[in-house]
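The values are calculated or read from the model by the stated rules, or taken from the named source; none is laboratory data. In this text the structure is predicted, and so the values were computed from the model without any measurement. Glycine gets a Cβ as well: all are built from the backbone with ideal geometry, and neighbour counts include every protein chain shown.
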Amino acid sequence: MGDHGPAQGFGRWLFTTNHKDIGSMYLWFSFAMFLMGGVFALVIRAELFQPGLQLVEPEFFNQMTTMHGLVMVFGAVMPAFVGLANWLIPMMVGAPDMALPRMNNWSFWILPFAFALLTSTLFMEGGGPNFGWTFYAPLSTTYAPPSVTYFIFAVHIMGASSIMGSINIIATILNMRAPGMTLMKMPLFVWTWLITAYLLIAVMPVLAGCVTMMLMDIHFGTSFFNAAGGGDPVLFQHVFWFFGHPEVYIMILPAFGIVSAIIPTFARKPLFGYASMVYATASIAFLSFIVWAHHMFTVGMPIAGELFFMYATMLIAVPTGVKVFNWITTMFRGSMTFETPMLFSIAFVILFTIGGFSGLMLAIAPADFQYHDTYFVVAHFHYVLVPGAIFSIFAAVYYWLPKWCGNMYDERLGKAHFWLSFIGLNVTFFPMHFVGLAGMPRRIPDYALQFADFNQIASMGAFLFGFSQVFFLFIVIKTIRGGKQATEEVWENPEGLEWTIPSPAPYHTFTTPPAIK
Amino acid sequence: MKSSPSIKGIVARLLLVTVGMFGFGFALVPLYDMFCDITGLNGKTNAEAFIPLAELIDTSREVTVQFVATNNDYMPWEFKPQVFKMKVHPGEEIETTFYAKNPSAKSMMAQAIPSVSPSRAASYFLKTECFCFNQQQLAAGEAIDMPLKFIVDRDLPDNVSTITLSYTLFDITNGGAIAGNSLAIR
């Protein structure tokens, strides 16, 4: 095809097979979903600003908690990581593009349809999904609104998109590396994504099977989850969490890869232990398959089951600890500077660890009977997802944006965005630990009076955090439109092939493979 | 990389994994039932009538059996055991009845789903006849005494002194349960 540039007009985006174009589309789509999911969250927090019912009906409140979860998990976090993978993996392994560029286009373009389908349910009679993002049967079957079928098909499409994306990523990594780049020379972001992609291929089909069984129960008279017909609702939870637990690692492993790239750059030291990071990631991925029932300690499992899942869960703290120590020892005695990507990465290490510790508390089966389905759980998973997954995405955008668009972002604005987000998220989610331990259940539109103060604080933090993200949008657009010219390296001596090409990265890179030292 | 497999090969293999895992999701259903069956978890009792052999009665031991009847959501029937509690000897065949009445103005179909607690006693609670093996149809206003015959196995662990048999009654008038499927697991 030679050295042609991008096509003109809208067709460029519709028909593109270029990994950079598709990466950008994934990232913009994910940001749009992030804002939409954020608006849903703000409806929740506005309603919970004081006890009693003031803004929305409980039925609509339930739709908001459900849609917030679904949109953030499947619409914001996962596509953002796929977008980063599209942009970065070919540049990091010295490949000209993804292995399957046409499928790449397809796996992106079915996503907007999936989410249009999902969002349209909010305007249907009976409302959208209102059974929580975990959609436990029989809430999502016998008692579901009629729109549940749209939800099921939306999940099918999202799953197909993820699976195609993963196949593409694995094929790229295994097949398109520049000569000389052995597996153990790959950047950690590539490694973590390779493992994540395998996780996706292993569990997204199980999710598809799970919603297919729901579909059959609802429309074709089977009784997979219907006790009256000989089925079992607890089976739903087993199938769902067999997908669900690896899914939470799908949302965090690429984040590990991102901070493992950023911290060495700004500590000006190589990563403390590369091989141990790779093995820790693989161990976490393996363990994620044998711990699912820790989400279900209260269903009435035998003591042997409770103990097995409790100990297996706690075992995950070991490889995770290896990672945290790795990042800390990388920073130890380094010549650290605190540019925005580094700030987000350091906050990631600290706050993700807090979320990990509350996870360990939840892993203790006897204690979980108190914490189960309270705001403590909400606090826990928001601490691993917001300063975990989301902060790592922010860090990645600040770190690689100058390479993508050729301009430096405004460091002062970036730092302001960091501090607003950092303060906002802690004010939002830290008080949730307290109300949860005191007994406030999750997913309720109203609560007892004694929880009022902390809920008010959390709501104020949520609005601060939410509006800071509009500021982030402004910073990104401002950077794309102009700013100081970025150098080829952008940062001081960063590691990786992506820093050897000009900024902005040309439309086609590595059409001839680079030489690997 | 010279030795690496072709992209086509990788894609084919990964697609195979995808299809396999989709199947595995469905395989979890029988696996789950098998697991519950082997371990006796979930309080599930025998799905088909137990044929009693010449059972010896262990008169040296008495076990308390309690009966619980619950209606599932929106189920309007009156449903209760005629005897709430009894003492039985292991090995003895016992007969009791549950009372059901359809107070509504239309004919209705119901299915009772049993569960035994503690779950480790489930596999020792053997039903030789049970109304839960069939669906129950009652005309408007009709009442019925539904029979249950059971034997508590003499091998019941010594530390179990009370067994609770609980029935939940489901309204399946509009096909809530599927006849073919309903007998598979009970």
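Things worth noting here:
- Listed here are the strands (runs of 3 or more DSSP E) enclosed by segment B:31-118 that have at least 1 residues being within 18 Å of the chain's Cα centre (by Cα): B:63-71, B:78-81, B:93-101, B:108-117.
- Restricting A:T313, A:T265 to those that are part of a helix (DSSP H, G or I), under 17 Å from A:G356 (Cβ atoms) and away from chain B (no Cβ under 14 Å) reduces the list to A:T313.
Listed here are the residues, each with its yes/no results for (1) under 14 Å from A:H245 (Cα atoms); (2) assigned to a helix (DSSP H, G or I); (3) away from chain B (no Cβ under 14 Å); (4) within 22 Å of the chain's Cα centre (by Cα).
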{"position": "A:H294", "(1), (2), (3), (4)": "yes, yes, yes, yes"}
{"position": "A:A304", "(1), (2), (3), (4)": "no, yes, no, no"}
{"position": "A:L307", "(1), (2), (3), (4)": "no, yes, yes, no"}
{"position": "A:G334", "(1), (2), (3), (4)": "no, no, yes, no"}
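- Pairs meeting the criteria (first residue in segment A:220-236 and within 7 Å of another protein chain (Cβ to nearest Cβ), second residue among the hydroxyl-bearing types (S, T, Y), beta carbons under 6 Å, at least 6 apart or on different chains) are A:G229/A:S223; A:G229/B:S182; A:G230/A:S223; A:G230/B:S182; A:L235/B:Y32.
- Any pair with Cβ under 6 angstrom, 6 or more apart, that starts in segment B:26-40 at a residue that is in contact (Cβ under 8 Å) with a residue 60 or more places away in the chain and ends at one that is aliphatic (A, V, I, L, M) and buried (at least 18 other Cβ atoms within 10 Å of the Cβ): B:D33/B:I185; B:G40/B:A122
- Qualifying residue in segment A:485-503 (condition: assigned to a loop (DSSP other than H, G, I, E, B), among the acidic types (D, E) and free of Cβ contacts under 8 Å to residues at least 60 places away in the same chain): yes
- Of the residues in segment A:369-380, not one is small (G, A, S), part of a loop (DSSP other than H, G, I, E, B) and either closer than 19 Å to A:G482 by Cα or out of contact with any Asp or Glu (no Cβ under 6 Å at 6 or more places or on another chain) (or both).
- Yes/no for A:L199 being surrounded by fewer than 24 Cβ atoms within 10 Å (Cβ to Cβ), in contact (Cβ under 8 Å) with a residue 12 or more places away in the chain and touching a Pro at 6+ places or on another chain (Cβ under 7 Å): yes
Let's see how each residue does on (1) under 30 Å from A:L174 (Cβ atoms); (2) within 13 Å of chain A (Cβ to nearest Cβ):
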position: B:V17; (1), (2): yes, yes
position: B:F22; (1), (2): yes, yes
position: B:K44; (1), (2): no, yes
position: B:A47; (1), (2): no, yes
position: B:I57; (1), (2): no, no
position: B:R61; (1), (2): no, no
position: B:T64; (1), (2): no, no
position: B:F67; (1), (2): no, no
position: B:E78; (1), (2): no, no
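- Restricting B:M146, B:M109 to residues that are within 14 Å of chain A (Cβ to nearest Cβ) and either modelled with pLDDT under 90 or crowded, with 17+ Cβ neighbours inside 10 Å (or both) narrows the list to B:M109.
- Candidates A:W133, A:W191, A:W109 - the one that is part of a loop (DSSP other than H, G, I, E, B), more than 14 Å from chain B (Cβ to nearest Cβ) and aromatic (F, W, Y): A:W133
- Among the criteria (1) closer than 30 Å to A:A379 by Cα; (2) of a type outside the set (K, R); (3) in contact with a strand residue (DSSP E or B) (Cβ under 7 Å, 6 or more places away or on another chain), the one A:A486 does not fulfil is (1).
- Scope segment A:169-196; condition without any contact (Cβ under 8 Å) to a residue 40 or more places away in the chain and over 29 Å from A:A154 (Cα atoms); matching residues: A:L174, A:T182, A:L183
- Within segment A:307-340, if we keep just the residues that are touching a residue at least 60 places away in the same chain (Cβ under 8 Å) and polar (S, T, N, Q), the residue that is nearest to A:W191 (Cα to Cα) turns out to be A:N326.
- Every test in (1) surrounded by fewer than 17 Cβ atoms within 10 Å (Cβ to Cβ); (2) facing chain A (nearest Cβ under 10 Å); (3) among the hydrophobic types (A, V, I, L, M, F, W, C) is passed by B:F84 save one, and that test is (2).
- Condition met for A:T374 (surrounded by 16 or more Cβ atoms within 10 Å (Cβ to Cβ) and either modelled with pLDDT under 95 or under 19 Å from A:A76 (Cβ atoms) (or both)): no
- A:I423 being within 30 Å of A:Y507 (Cβ to Cβ), among the hydrophobic types (A, V, I, L, M, F, W, C) and modelled with pLDDT of 95 or more: no
- From the options A:A285, A:A304, residue that is free of Cβ contacts under 8 Å to residues at least 12 places away in the same chain and aliphatic (A, V, I, L, M): A:A304
- Within segment B:27-72, the residues that satisfy the criterion of being surrounded by fewer than 18 Cβ atoms within 10 Å (Cβ to Cβ) and of a type in the set (D, E, K, R) are B:D37, B:E48, B:E55, B:D58, B:R61, B:E62.
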